[in-house]
1. Mind putting a number on the dipole of the chain about its Cα centre? Charges go on the C-beta only, +1 for Lys and Arg and -1 for Asp and Glu, and I need it in Debye to the nearest 20.
2. Could you tell me how many degrees, from 0 to 90 and to the nearest 10, lie between the Cα long axis of helix 451-473 and the main elongation axis, the longest principal axis, of the Cα atoms of the chain?
3. Considering only protein heavy atoms, what per residue accessible area in square angstrom results for the chain with a 1.4 angstrom probe?
4. Provide the net charge surrounding residue 230, with neighbours chosen by a C-beta distance below 11 Å and charges set as Lys +1, Arg +1, Asp -1, Glu -1.
5. Exposed loop sites here are chymotrypsin sites (Phe, Trp or Tyr not before Pro) in DSSP loop states with at most 14 other C-beta atoms within 10 Å. What is the longest stretch of the chain lacking them?
6. Please determine, in degrees from 0 to 90 and to the nearest 10, the orientation of helix 186-196 with respect to the longest principal axis defined by the Cα atoms of the chain, where the helix direction is its Cα long axis.
7. Which whole-number percentage describes the relative contact order of the chain, with Cα contacts under 8 Å and a sequence gap of 6 or more?
8. Mind checking the dipole of region 281-353: about its Cα centre, +1 per Lys or Arg Cβ, -1 per Asp or Glu Cβ, Debye to the nearest 20?
Amino acid sequence: MTDSNIIEQSIDEVFEQRYAIYGTATVKERAIPSVYDGLNPVTRRILYTFHESSDMNKFRKASMFVGNVLGTLHPHGDGSVYETMVGLAQPFNKLNPLIDKQGNVGSVDDYKAYAAHRYLELKLSKFSDDVFFKDDMNTQYIPMKDNYDGYSKEPINLPAKFPTILNIGNMGIAPGFSSDIPPHKADDICSLTINFIREFILKESTNKQSTWKKILKDFRPDFPLGGTIINESSLPDIYINGGGSIYLEATIEETTYNKNPALIVKDLPYKISTSKILSEIKDLVVTNPKTKKVGVLADKITDCKDLSSKSQNVELVIIPKRGVNLDVIRNILLENTSLRITIKYLPNILVGNDLVENASIETILNGWLDFRINILSRKFNFEIKKFSEQKLLKQALIKAHSNIDNVIKTIKTATSKEDSIEKLVKLLKITRRESEYIVGIQLYQISKLEVNKLKDDIKNLEEKINNNIKLISDRAKLLNYIISELDDIKK
């Protein structure tokens, strides 16, 4: 090594640069969701693998899907891929599960007590198909990229029909960076997006701040296991500013158990299991072995029973000692257990390749809308080309039908298929593609063609072409088309 090969640099600078490169890659390629489809890379790859399965509508062993994801798109540990896959199928974890399950995917008692992938059967949910794939997942116009080894392709983003980033319940952690977006109901998101388009895109609101507060008035997170948000009045500002805290607590009601007064916990805060609550209550009853301090509930309750079902129905019964005030127990539980929690709203997101911190609700909706407009423009342009080709082929068939005797004679006397194609191009004054199409049809089919039906088909194709041209060239029409899509998702 010569002196010219040596670069002097402080170790602080070296570590800072290398860590920044690693951190950026982790943020963009692993942890942080895209505003376009609301997914991080592993979730997107899982869903695309399910969609590409030859038996998309049939339950198949999870092992097959894990192997396909690892082999074609995501060569990482099978444990992390399977854990993500199961999480997408848990009804107590997702408002709208992205995968349907047949078998044990855990329970409200223990989210991770799911069966091994050789036992569990899965398939793509109808929700995922409707929102991400149906009518739109065409690689002719959906931007694709090479997979990790260049052997196949994968979508850069799935063509989400509404801002799914607000629905899925995203939590991503990267070096020095995180994202936390709680789930919201799909129809609430669609309503908000429709109002956004009408108030801010189709027309300019005169008072932006008050308009936002008006359309955000009834917009709030919604959670698979319920819970009550106790700071609803601050939510509009949280969405507008792009960050804040949401305070959520369980519903604790008075009931009777064995004819005696008791309390019942009927729902749970987000991502809190019944086993966690039972463990915390136990800690409030027993004496602390280190401090020797008697638990605050030691003299107030006799037992706590978990009567919850294995799916989503939460039912924890707390049985008090005789004469103890139930409100006192309720307040102790809310103050000292995870029956009351703080949930971060931290929308750090990817908009294309740009990392946006503390994205406002306007940034989120604008980002998705720009993406959707781009997808639809590509789709409609592709359809214009496809419909135009179909129209030309049908017109060529009408020409062939009107000159059927000469067409038959030309094909019969041709020395080869290639000769037939070239002669028909000259005879009918059509393109090579149209001539190939006619030569590929059996002659008796041409003679029996219903010309009137062909003319009706051409008219229908022309209407579709014109409609697509109008949508592409008129932004207002395209925005109203997106509103109709959002209405369909709501329904």
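The values are calculated or read from the model by the stated rules, or taken from the named source; none is laboratory data. Just so it is clear, the model here is predicted, and its values are computed rather than measured. A quick note on method: Cβ atoms are made from the backbone with ideal geometry, for glycine too, and the neighbour counts reach across all protein chains shown. Only protein heavy atoms, including side chains, enter the accessible area calculation; ligands, DNA and RNA are left aside. Shrake-Rupley method; radii C 1.70, N 1.55, O 1.52, S 1.80 Å.
1. Working: 68 positive and 64 negative charges, 321 e Å.
Using Cβ point charges on Lys, Arg, Asp and Glu, the chain gives about 1540 debye.
2. Roughly 50 degrees, rounded to the nearest 10.
3. On the way: 25310 Å² over 491 residues.
Each residue of the chain exposes 52 Å² on average to a 1.4 Å probe.
4. Surrounding charge for residue 230 is -1.
5. Within the chain, the longest run free of exposed chymotrypsin sites (Phe, Trp or Tyr not before Pro) spans 152-491.
6. Helix 186-196 sits at roughly 70 degrees to that axis.
7. Contact order relative to length: 15 percent.
8. 220 debye
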